[in-house]
1. Would you check if there is a residue in the range 458-469 being part of a helix (DSSP H, G or I) and touching an Asp or Glu at 6+ places or on another chain (Cβ under 7 Å)?
2. Among the helices (runs of 4 or more DSSP H) lying completely within the range 166-266, list those that include at least 3 residues that are in the same structural domain as ASN336 (by TED's automatic domain parsing) and either within 37 Å of the chain's Cα centre (by Cα) or at positive phi (or both).
3. Among the residues of the range 447-457, what is the count of those that are surrounded by 24 or more Cβ atoms within 10 Å (Cβ to Cβ) and assigned to a loop (DSSP other than H, G, I, E, B)?
4. Scan the range 485-504 and give yes if some residue there is touching a residue at least 24 places away in the same chain (Cβ under 8 Å), in contact with a helix residue (DSSP H, G or I) (Cβ under 9 Å, 6 or more places away or on another chain), closer than 20 Å to ASP662 by Cβ and part of a loop (DSSP other than H, G, I, E, B), otherwise no.
5. Residues in the range 294-301: is at least one in contact with a Cys (Cβ under 8 Å, 6 or more places away or on another chain) and either assigned to a loop (DSSP other than H, G, I, E, B) or loosely packed, with under 13 Cβ neighbours inside 10 Å (or both)?
6. Considering the range 532-558 alone, what residues qualify as being at pLDDT 95 or above, surrounded by fewer than 19 Cβ atoms within 10 Å (Cβ to Cβ) and closer than 19 Å to THR624 by Cα?
7. GLY307: over 18 Å from VAL155 (Cα atoms), touching a strand residue (DSSP E or B) at 6+ places or on another chain (Cβ under 7 Å) and surrounded by 14 or more Cβ atoms within 10 Å (Cβ to Cβ), yes or no?
8. Collect the residues in the range 274-283 that are farther than 18 Å from LEU182 by Cβ and either of a type outside the set (Phe, Trp, Tyr) or assigned to a strand (DSSP E or B) (or both), keeping them in residue-number order.
Amino acid sequence: MRQLAQNYKDGTLSLLDAPVPRAARGGIVVRNAFSLISSGTETMKVREGGMSLIGKAKARPDQVQQVVQTVRQLGLRATYQKVMSRLDKLTPLGYSSSGYVCEVGEGIGGIQVGDKVACAGAEYANHAEYIYVPRNLFVAVPQPVPLEDAAFATVGAIAVQGVRQADVRLGETVAVIGLGLLGQLLNQLLVSAGCRVVGTDLSADRCRLACEMGAAAAVSDSSAFLAAVDNVSRGRGADCVLLAAGALPPSVFALAAQIARDRGCVINIGMNRLEMPWKAYYEKELEIRYSRSYGPGRYDPRYEEQGQDYPIGYVRWTENRNMEAFLDLVATGRLNVRPLITGRFPFSQAETVYKEMVEAPGKHLAVLFQYPESVDQPTQKSLVLKTSPIKAAGALTIGCIGAGNYARSMLLPILQKEPDVKLAGVVTRAPLNAVDAARRFGFAKAGTDPAELLSDPSIGALLIATRHDSHAAYVIQALKAGKHVFVEKPLAIRREEIYQIAEALQKSGRGLQVGFNRRFAPMVVGLKQQFAGTSEPIVVNYRVHAGKPAGANWFFAQEQGGRFVGEAGHFIDVMAYLADSPPVRVFARRTTRVGELDEMAALISFRNGSVGTLTYVTGGDARTPKEHIEVFGSGITGVIDNFQTGTVLRGGKTFSLKGKNDKGQAGELKAFIQMLKRGGEPPVPYEQLFGVTEATIAIVESAETGRDIALEYETFGLAQPPGMVQEPA
């Protein structure tokens, strides 16, 4: 299939070949018939992509602040790699489309192949021939509504939510500032609701269109706008002012206060920084409200990605129900989107159309891409790409399931440089992500169906870097398919999954490694060498300041195991490595801070008598370095401070540890490759690998129950590695 993408690093637009998405549980695959370009929002994104790094920073000061905090916690090198990886990435365009259902995932009812649907979402309803859409981001199109009109449903829902936030009443006067696509839809909705609308826009043509569609007045001159509001409201002022444009200057906020009546309201719908004249707003006691995109559910991953609806008795109007309401108004003729369409183009001309819209802003109001009327079912779940020749004979062939930010910034760049590795294929949920990973790292093919990699006999090993709740299932499938496995932590998020993985590993004769990279960090390796030849137990204090979450993130969701389970294995594994012994018992306590489930302290006992304490906190100052390690035993003290400095006190002397900023990602992957080439002992002993995984889960259980928990991993029968089948040279 074809999909439009932008490289955010340099702003380049490309119409690319991409694999067709697959219908995951809780979603559908749609063949787009039309997709809408929102001339304001999308062209702003394209222009921003073409800016320099400094220009991007000025445009997104919120992101700059996040980068500064990341530097304080992770260091400059890791932050730079993370930022550059995110910049040099293909991103989709488009968020409002319509088309035909061509595949239905499990758990979806009331919809079938061939039905017409309208789709929403910047990560889903993209400019592409085929798209995957989860259940709450698509709605059935009423029979009288053409798909051309249904493509407006997402932008229409934004307008509907703005009107709901305004809470206007029959006969009220509403001022709309900005008569672009959103402003024109607001005008029609307000007129349908019995309001008297006064609009303003710099374009006289858009003002005339608003009047044709029912506005009481629409003018481009500010003084004329003041007079029009005064006239239509009979001298009382506007009951409500809707800000329907983005990046508005401070003078507009002063204008809004001037035209609003006493105790009126101002609704911000566009992307604006509110720079309000305090005195004017105070004296009229104006109420300021934000309207959040399509409505309740927006930016909530449980609603948008997992399909968890809000009870209608508590949340009457969600983003999905707002889309339905908009289409109902179109179906009854109370909304007419046809006059708003200023261009219809075949999708094959997408690059040219965007270039024209960026170079001539204001020329278009709403532009539609029309897609080929093919009725073929999607079958191309992978895309073969041209790649470099294999660098060495007998290269190891590796496939990758999942390619998120961490894999892109920390793992794949390392594998790409390995002369003995051939990157055979990469699979992700989003087609464009797979194409982008293949482009950047040289995979031979990109796809959306993991089964293609699992069944490929030429692939000897799989790297699994998906969301945490899928790790165990993919590991088991890969082992049963005869693949060696490298899986990012956590190996599992439930105890029963550990048993199932252990059983599959025993039967497979293949190797398994979890991404516990810190044991391969030069500072940690150097610290352990200082204890070589000693036999006494050690004490390890490991303090982690994880910091407060920056907004909603799947990583923190409890269905993904939670934040602690997601990363604590790293720290417990360092303890096991330094103690040279697996954990056997844990005890934990959680703070009573409201809303904080992951802040806790844990005591971990190891088989050889060593003891570790893990303090995992989120509530300190943002400038606090993330990790601090102290080790004591046999007359030796070792300290590693956030992998920036490392010091050992021994025999009256002080030694420095080398390897600043290196957390061991290169070392762990080299060890995995050596395992594939030579067989033998796994890089992480299985009793430690399974013991650390169980300890991580058990710590959460102990914090919840208050019990001291003995670990059970030794019953798995994996104290010694299974007889691993070595790959042929």
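The values are calculated or read from the model by the stated rules, or taken from the named source; none is laboratory data. Just so we're clear, the structure is a prediction, and the values are computed from it rather than from any experiment. A quick note on method: Cβ atoms are made from the backbone with ideal geometry, for glycine too, and the neighbour counts reach across all protein chains shown.
1. For the range 458-469, residues part of a helix (DSSP H, G or I) and touching an Asp or Glu at 6+ places or on another chain (Cβ under 7 Å): present.
2. Once the helices (runs of 4 or more DSSP H) in the range 166-266 are filtered for at least 3 residues that are in the same structural domain as ASN336 (by TED's automatic domain parsing) and either within 37 Å of the chain's Cα centre (by Cα) or at positive phi (or both), nothing remains.
3. Total meeting the criteria: 1.
4. The answer is yes, given that some residue of the range 485-504 is touching a residue at least 24 places away in the same chain (Cβ under 8 Å), in contact with a helix residue (DSSP H, G or I) (Cβ under 9 Å, 6 or more places away or on another chain), closer than 20 Å to ASP662 by Cβ and part of a loop (DSSP other than H, G, I, E, B).
5. The answer is no, given that none of the residues of the range 294-301 is in contact with a Cys (Cβ under 8 Å, 6 or more places away or on another chain) and either assigned to a loop (DSSP other than H, G, I, E, B) or loosely packed, with under 13 Cβ neighbours inside 10 Å (or both).
6. Within the range 532-558, ASN541 is the sole residue that qualifies.
7. When the stated conditions are applied, GLY307 passes them.
8. Of everything in the range 274-283, those that are farther than 18 Å from LEU182 by Cβ and either of a type outside the set (Phe, Trp, Tyr) or assigned to a strand (DSSP E or B) (or both) turn out to be GLU275, MET276, PRO277, LYS279, ALA280, GLU283.
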